[in-house]
Ligand SMILES: NC(=O)c1ccc[n+]([C@@H]2O[C@H](COP(=O)([O-])OP(=O)(O)OC[C@H]3O[C@@H](n4cnc5c(N)ncnc54)[C@H](OP(=O)(O)O)[C@@H]3O)[C@@H](O)[C@H]2O)c1
């Protein structure tokens, strides 16, 4: 279904990216994994078919480095058809934390969840508009639309900002052939999840399946909430 398509994935060494990359390559796609640590990326790349895989060390919040990812991908595979943005890890911030800690988390979550999506999607839309097509997928979180989740004073708002950015981009890109969507999972079943919570968590294969199903959908939904449980990691 994705034969000869090329999909770049930021946060490429992460737990979700690992499953997305596996499922996409099984469907015939090439994957371009990027995140900052090459040694962590290599561990994931080594599990994938070498002829369908490229790993590039890059910070998704650095425009030059993201441009290089697209250039390296084009040299290797011809072009990029889609980008999935899956960077950063979650930390809790609540009203009893010190303002110093809360403020440090606010900075870190801005960098990890908003700036990475901003820079990567900005570069992607420029490349995709020149091609006349392309798909931008942001992995935000159910926290983007559920302010009632506790101890999410920096994660939720930054995820909401990245979702709002996707809505604005989608609006601006109407008629260009570039499509934009936002996926809002609850806790995903990764090795970080406690064994008793795994059955209720969102399966990463279901996220991959949704992207595969909508890969060529001209009317791809603006967002999808994947929320079997409200328990956060
Ligand atoms: N896991 C869940 O339950 C869950 C639920 C809802 C939403 N999400 C979202 O899904 C996404 C993936 O989650 P995950 O569990 O797979 O996370 P993860 O295993 O912690 O992986 C995070 C990845 O992001 C990379 N990263 C961090 N900052 C980066 C930057 N500036 N540039 C490039 N890469 C960067 C990390 O590699 P380096 O440090 O080497 O760069 C790592 O590859 C996140 O956005 C998360 O908020 C996760």
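Quick note: the coordinates plus some simple rules give every number you see, no bench work behind them. Since the structure is predicted, the reported quantities are computational estimates derived from the model, not experimental observations. Cβ placement follows ideal geometry from the backbone for every residue including glycine, while neighbour counts extend to all protein chains displayed.
Side notes on the structure shown:
- Cβ-Cβ distance of residue 91 and residue 38, R₀ of 22 Å, FRET efficiency by 1/(1 + (r/R0)^6): the value works out to about 0.35.
- Cut-off 18 Å, label 7 Å out along Cα→Cβ of residue 168, residues of the range 119-140 by amide N: 119-126, 136-140
- Among 75, 111, 131, residue whose mean-square fluctuation peaks in a GNM of the chain (springs only between Cα atoms under 10 Å): 75
- To the nearest ten degrees, helix 116-131 and the longest principal axis of the Cα atoms of the chain are 20 degrees apart.
- Residue of 58, 102, 29 that the Gaussian network model of the chain assigns the largest fluctuation, springs spanning Cα pairs under 10 Å: 102
- For the range 109-204, alpha-carbon Rg over 2.2 N^0.38 Å: 1.21
- Here the simple spin-label model places points 7 Å from the Cα toward Cβ, and for residue 68 and residue 133 these points are separated by 3.0 nm.
- Estimated at 0.36 nm per residue, the fully extended path between residue 107 and residue 219 surpasses their Cα-Cα distance by 36.8 nm.
- Using the alpha-carbon positions of the range 1-129, Rg (one decimal) and Dmax (whole number) come out as 15.6, 51 Å.
- Considering helices alone, the calculated mean residue ellipticity of the chain at 222 nm is -12000 deg cm²/dmol, with DSSP H runs of length four and up weighted by -39500 (n - 2.57) and normalised per residue.
- Ranked packing of 42-48, 21-27, most packed first, by mean Cβ within 10 Å: 21-27, 42-48
- Angle of helix 15-26 to the longest C-alpha principal axis of the chain, folded into 0 to 90 degrees and rounded to 10: 30°.
- Against the chain, whose longest principal axis is taken from its Cα atoms, helix 99-109 shows a tilt of about 20°.
- Over all distinct Cα-Cα pairs of the range 6-226, the Kirkwood formula returns a hydrodynamic radius of 17.5 Å.
- Cβ-derived FRET efficiency at R0 45 Å, residue 148 paired with residue 47, nearest 0.05: 0.75
- Largest mean-square fluctuation among 69, 99, 31, in a Gaussian network model of the chain whose springs join Cα atoms under 10 Å apart, belongs to 99.
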